[in-house]
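Step one of this worksheet: look at the structure below.
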Amino acid sequence: MKSHQTAQTMKPATAAKKLGVYLEATPAEFQDGVVSRAELAALQADPPQWLRDLRSNGPHPRPVVASKLGISISGLARGGITEPLTTEQIDALKQDNPEWLRKERTTQADVRKENVRIKERNAEREAKAQDPRS
C-alpha cells in the first residue's frame, strides 16, 4: 500500500487565532482560503506587512486585548468590552484606568498569586510522596 502524504490545512479562523490577529481585519484572500501548516509557519517566520500592521495596530481579538490590559477575557466582558480594540484604544483605556479595569487587574493578580501558591503546594506534596523517608 502506498502512503500518500497530504498537507494539513486549517480554516482561516484557526490560522488567525494562532497568529493572534482578528480574522475580519485580515485580507480577503486570507479569509477566503485555507492555510496549510507550512504557510502558517512561513507567516510566523516572515510576516507580510499586513500581518505586522495588524499585530502592532489592531484591531486585536479579545485574548490579545485582555493580555495587553493585564486582565482575563471574562474581565473584558464584565467591563463591557465585547468588540475588538485597536492599540490606540487599548492605550487610551490604560491611560484612563477606569475603576472596572483597576478592579479586574487586582482580581487577575490575585488569581495568579493563588495559582502560584497551589502549584508550590502541589510540588511540596509530590516531593513528600517521592521521598522514601516519609
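A few points about this structure:
- Charge sum, other residues only, whose C-beta stays under 15 Å from W50's C-beta, Lys/Arg counted +1 and Asp/Glu -1: -4
- Amide H to amide H, with H built 1.01 Å from N, M10 comes under 5 Å of V35, S36, counting only residues 5 or more places away or on other chains.
- Note on the range 55-130 and the range 14-43: Cα centroid distance 25 Å, given to the nearest whole angstrom.
- Within the range 81-102, backbone nitrogen closer than 15 Å to the virtual label 7 Å beyond the Cα of E24 toward Cβ: 81-86
- Computed over the chain with a Gaussian network model linking Cα atoms closer than 10 Å, the most mobile of L23, L43, L51 is L43.
- Radius of gyration, Dmax [the chain; alpha carbons; angstrom]: 20.9, 65
- Distance violations [Cα-Cα > 20 Å] among K17/K68; K17/K119; K17/K103; K18/K103: K17/K119; K17/K103; K18/K103
- When you restrict to C-alpha pairs under 8 Å that are six or more residues apart and normalise by the size of the range 18-84, the relative contact order lands at 38 percent.
- Charge tally for K103 (other residues, Cβ to Cβ under 11 Å; Lys, Arg +1; Asp, Glu -1): 0.
- Accessible surface for the chain, divided over its residues, is 72 Å² per residue with a 1.4 Å probe.
The values are calculated or read from the model by the stated rules, or taken from the named source; none is laboratory data. Because the structure is a prediction, the values reported are computed rather than measured. Neighbour counts run over all protein chains shown; Cβ positions are idealised from the backbone, glycine included. Protein only, heavy atoms only, side chains kept; ligands, DNA and RNA dropped before computing areas. Shrake-Rupley method; radii C 1.70, N 1.55, O 1.52, S 1.80 Å.
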